[in-house]
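A.B. asks: For reference, the structure I am asking about is given below.
The values are calculated or read from the model by the stated rules, or taken from the named source; none is laboratory data. Keep in mind that this is a model prediction, so the values were computed, not measured. No Cβ is skipped: glycine too gets one built from the backbone with ideal geometry, and neighbour counts run over all protein chains shown. Calculation scope for accessible area: heavy atoms of the full protein, side chains included, ligands and nucleic acids excluded. Shrake-Rupley method; radii C 1.70, N 1.55, O 1.52, S 1.80 Å.
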Amino acid sequence: MILGVTGTKGKTTICSLLHHALLWCKKDVVSFTTLGTKKNNTDFPIEDPSLTDLSNVLNSTTENKVLEMTSYCLELSFFDFTEADCVIMTGIEEDEHTEIHHSFDRYMDAKRKIFGVRRPGAKALVCLDDDKFDDITRDVPDLLTYGFNKDSDCVVTVDRVSDRGMFLTLDHNGKVKVKTKLVGDHNALNVAACYLALTGLGLEKNQVVKALESFDGVPGRFEKFYVQRSSNRKTVIIDYAHTPRSLEVNLKLVRKIFRDKKLCTVFGCGGNKSSEKRPKMGEVAERLSDEVILTNDNPRRENPLEIISHILSGMTKPHQFELDRKSAIKMALEGDCDIVFLAGKGSEDYYIDSEGYHSNMSDKTLLTDVSLENNFVLKNL
């Protein structure tokens, strides 16, 4: 069977969760995401996933295929001859990928193409909570909804949350309880989408729940570490949040989990793309953080200081900035905040500036280097 996933956020997490669950249920599975390709337990990381890589997955004899269907690939008709057994649309944010699609309407149209790559009668799972739900789903048949909205076909309730995970109730043809290691309302919705997809395709409910509960998470998606510096211990969280909405969702989650702790947010914005989101991200970071340190995030061919200036235009007071990302991380670790949130890069293992492409520069690598060079103790949470 083929499962396709799109949406501004959540694609990679859902694809990774589906892959894990199918494998846990002893199914042969291959997946294609922006992280690369994966065949059962073997990862094949790709710096720049191409049409050839996608074609190899689509033509694979592997029984089950999980496909991250980006707006770019959908617009270029890469999936036009795919007959998916289930597709998932997580939702749509504005101010994203304007450098590719040039308008929000074109971005929406590209995303909506996922509904046309299904076999007849295959379900389309869509989050009812999304602000653009009516626009997304107009004239879409065989629709199944999930969300916190009580009118959803699958109603999601977060019963309890901590830094270790969440207890959820999923109500679809009867209530099931799920204890997931993931955190955050967005991940509660991701779990619900996977549950609906897998059970709807015939997998046994209890097996699906156990599979979902055993998932440890995706590297670079709210990935938590402890850093011990003398008697001072900080929690460091690495996340891919690179839009105003995702940054706000994650910073509110940090505030919810780590109550009464001082929070420092370290982030920048990519160059030569989506410049309109920069002041919005600045506003969000300032409003929800005790301290903000601005830094580089793939400036590409754009002047890094201009990017910083755009971010600051959405903020009401001056903030520290350090263009060297590694130095910015060190600055945050040496500060007096209890929580350091490193946003924007996630598991990306590269850095792009006017001089080109630089590898082995993920936030985890930089965090590890800073810890080793300064005799800090670094541990996964």
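A.B. asks: If a/c stays under 1.5 just call it rounded; otherwise compare a/b with b/c (prolate if a/b is bigger, oblate if not). Do that for the chain, with a ≥ b ≥ c from the square roots of the Cα gyration tensor eigenvalues. The partial results should precede the final answer.
C.D. replies: On the way: a/c = 1.64, a/b = 1.42, b/c = 1.15.
Taking the square roots of the gyration eigenvalues as a ≥ b ≥ c, the chain is prolate.
A.B. asks: Of LYS252/LYS273; LYS234/LYS364; LYS179/LYS364; LYS11/LYS234; LYS39/LYS111; LYS326/LYS379, which pairs sit farther than 21 Å apart, going by alpha carbon to alpha carbon?
C.D. replies: Numbers: LYS252/LYS273 26 Å; LYS234/LYS364 15 Å; LYS179/LYS364 27 Å; LYS11/LYS234 30 Å; LYS39/LYS111 26 Å; LYS326/LYS379 18 Å.
Result: LYS252/LYS273; LYS179/LYS364; LYS11/LYS234; LYS39/LYS111 exceed 21 Å.
A.B. asks: Rank ILE100, VAL140, PHE81 by how far each Cα sits towards the positive end of the charge dipole of the chain (+1 on Lys, Arg Cβ; -1 on Asp, Glu Cβ) and give me just the farthest.
C.D. replies: Checking the options against the dipole of the chain, the answer is VAL140.
A.B. asks: Same structure, new question: Every cysteine in the chain with no other Cys Cβ under 4.7 Å from its Cβ, please list them in numeric order.
C.D. replies: CYS15, CYS25, CYS73, CYS86, CYS127, CYS154, CYS194, CYS269 - these cysteines have no disulfide-compatible partner (Cβ-Cβ under 4.7 Å) in the chain.
A.B. asks: Moving on. Using a 1.4 angstrom probe on heavy atoms only, work out the carbon and sulfur share of the accessible area of the chain in %. The partial results should precede the final answer.
C.D. replies: On the way: 7780 of 16780 Å².
Heavy-atom surface of the chain belonging to carbon and sulfur, 1.4 Å probe: 46 percent.
A.B. asks: For a quick check of your reading of the filter: which trypsin sites (Lys or Arg not before Pro) in the stretch 1-73 sit in a DSSP loop and have no more than 15 other Cβ atoms within 10 Å? The partial results should precede the final answer.
C.D. replies: Working: sites: LYS9, LYS11, LYS26, LYS27, LYS38, LYS39, LYS65; in loops: LYS9, LYS26, LYS27.
Here the trypsin sites (Lys or Arg not before Pro) that fit, given the DSSP loop and packing criteria, are LYS26.
A.B. asks: Once a ≥ b ≥ c are taken as the square roots of the eigenvalues of the Cα gyration tensor of the stretch 2-157, is the result rounded (a/c under 1.5), prolate (a/b larger than b/c) or oblate (a/b not larger than b/c)? Please list the in-between numbers first.
C.D. replies: Details: a/c = 1.67, a/b = 1.25, b/c = 1.34.
Oblate is the answer for the stretch 2-157, as a/c is 1.5 or above yet b/c matches or exceeds a/b.
A.B. asks: Then there's this: In nanometres, what is the gap between the two model label sites at LYS175 and ASP163, each 7 Å from Cα along Cα-to-Cβ?
C.D. replies: For the pair LYS175/ASP163, the computed spacing is 3.0 nm.
A.B. asks: If you take the beta carbon distance between LEU372 and TYR350 as r and set R0 to 30 Å, what does 1/(1 + (r/R0)^6) give as a FRET efficiency, to the nearest 0.05?
C.D. replies: Numbers: r = 21 Å, r/R0 = 0.69.
After rounding to 0.05, the efficiency reads 0.90.
A.B. asks: So which trypsin sites (Lys or Arg not before Pro) in the stretch 151-243 are both in a DSSP loop and have at most 13 other Cβ atoms within 10 Å of their Cβ?
C.D. replies: Numbers: sites: ARG160, ARG164, LYS175, LYS177, LYS179, LYS181, LYS205, LYS210, ARG221, LYS224, ARG229, ARG233, LYS234; in loops: ARG164, LYS181, ARG221.
Here the sparse-neighbourhood loop sites are ARG164.
A.B. asks: Shifting gears a bit: Specify whether the C-alpha gyration tensor of the stretch 289-361 places it in the rounded, prolate or oblate class, a ≥ b ≥ c being the square roots of the eigenvalues: rounded for a/c under 1.5, otherwise prolate if a/b is larger than b/c and oblate if not. Spell out each step's value before the answer.
C.D. replies: Values: a/c = 2.25, a/b = 1.26, b/c = 1.79.
Since a/c reaches 1.5 but b/c is at least a/b, the shape of the stretch 289-361 is classed as oblate.
A.B. asks: Which whole-number percentage describes the relative contact order of the chain, with Cα contacts under 8 Å and a sequence gap of 6 or more? Can you show the working numbers first?
C.D. replies: Numbers: 775 pairs, mean separation 51.0, N = 381.
RCO, the chain: 13 percent.
A.B. asks: While we're looking at this one, here's another question. Whole percent per 5 Å bin, from 0 to the bin with the longest distance: what is P(r) over all C-alpha pairs of the stretch 177-275?
C.D. replies: 2, 10, 18, 19, 16, 13, 11, 6, 4, 1, 0
A.B. asks: With unit charges on the beta carbon (Lys/Arg positive, Asp/Glu negative), name the residue among THR265, LEU294, LEU366 whose Cα is farthest towards the positive pole of the charge dipole of the stretch 253-381.
C.D. replies: Of the listed residues, the answer is THR265.
A.B. asks: Tell me, what is the percent relative contact order of the stretch 1-159, built from C-alpha pairs under 8 Å that lie six or more residues apart?
C.D. replies: On the way: 273 pairs, mean separation 36.3, N = 159.
About 23 percent, as a whole number.
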